[in-house]
1. Pull up all non-local amide H partners of ASP180: gap of 5 or more, or a different chain, and H-to-H distance under 5 Å with H placed in the peptide plane.
2. Quick one: work out the % antiparallel among DSSP beta bridges in the chain, nearest 5.
3. What does the C-alpha gyration tensor say about the overall shape of the stretch 180-270? Classify as rounded when a/c is under 1.5, otherwise prolate if a/b is larger than b/c, or oblate.
4. Starting from the Cα of GLU31, step 7 Å along the direction of its Cβ; do the same at ARG100; then give the gap between the two resulting points in nm.
5. Once the cut-off is 36 Å, how many percent of the Cα-Cα pairs in the chain end up in the long-distance tail?
6. Quote the FRET efficiency, to the nearest 0.05, computed for THR45 versus MET142 with a Förster distance R0 of 25 Å and r equal to the Cβ-Cβ distance.
7. So what is the orientation-averaged projected area of the stretch 155-225, using the convex hull of its C-alpha atoms, in nm²?
Amino acid sequence: ARAQAMEVDESPEVRYEDIGGIDEQVREVREAVEDPLVNPGQFETVGVEPPSGVLLHGPPGTGKTMLAKAVANETDATFIKMAGSELVRKFIGEGSRLVRDLFELASEREPAVIFIDEIDAVAAKRTDSKTSGDAEVQRTMMQLLSEMDGFEDRGEIRIIAATNRFDMLDEAILRPGRFDRLIEVPKPGVEGRTQILRIHTQDMNVADDLDFEELAEELDDYSGADLASLTTEAGMYAIRDERTEVTQEDFEQAREKMEAAEESSDRSAR
Ligand code: ATP
């Protein structure tokens, strides 16, 4: 069960060029994660401590996991992912144990990038309720921070965490020596959306007159993940019609379908 809580990928397939609309964030992640892995001597020579941990925050589906995978891939590091929710366990000491296992695995496989998604599950601000569950989560978090402290002697391990709920985080984890490099990953603007649509249609047979910019204009508030589903959905319309090319009209229909689905789920949420 322990091994199942972690996802290990020796060479994730994501490359920087697969990530659209967040060039600045790609640059920042490379600086914080790639440079210290590839060129640790440079930090020593200049006398600068590389950031201990990188925290990516922003709405769901904006490319945070992709960023972590891409940087692992491009530095030939092992990618080890753990969901924060997996660290919340029923039995006392189980969460801390998983954290120790996580770092142990990383040092066996270094260079390695540890990615902890949904870090808020173990690092939310403490509430007033002093239930035993809270205390256990707190211990797990302390274990994580103490593993991070022991880092420098461990060599080539970098740690990236992600959250959609930055406002809920306990500030203790943001102190120097902890997650001290914050990178916000927003939803894409119109230019970013255009770029992401181009990326996701790279292997798709699209009509010559398809106008990505015009499409992107209409897709306000779409995340990268939404754009990926939209593209697939548009392709499905072409297939159903037994056409070989995906057209602007297919995208329009896909958009209507996605927006109708969203409206009905909004309604049922009310
Ligand atoms: P969550 O917070 O829900 O875990 P995330 O920010 O980690 O989301 P990813 O898992 O990286 O999001 O993205 C999900 C999928 O959406 C990707 O596999 C990709 O297909 C698409 N996607 C998201 N953002 C981008 C982007 N900036 N460029 C290209 N594709 C993107």
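1. Here the answer is SER52, GLY53, since their amide H atoms fall under 5 Å of that of ASP180.
2. Details: 5 of 26 bridges.
Around 20 percent of the beta bridges assigned by DSSP in the chain are antiparallel ones.
3. Numbers: a/c = 2.19, a/b = 1.25, b/c = 1.75.
Taking the square roots of the gyration eigenvalues as a ≥ b ≥ c, the stretch 180-270 is oblate.
4. Each label point lies 7 Å from its Cα, and together they span 3.8 nm.
5. Details: 8880 of 36315 pairs.
Tail fraction, whole percent: 24.
6. Numbers: r = 34 Å, r/R0 = 1.35.
Calculated value: 0.15.
7. Details: hull surface 30.0 nm².
Its Cα hull, projected and averaged over all orientations, spans 7.5 nm².
Only the coordinates and a few stated rules stand behind these numbers; no lab work does. Bear in mind the structure is a predicted one, so any value in this text is a computation, not a measurement. Note: ideal-geometry Cβ built from the backbone for every residue, glycine included; neighbour counts use all protein chains shown.
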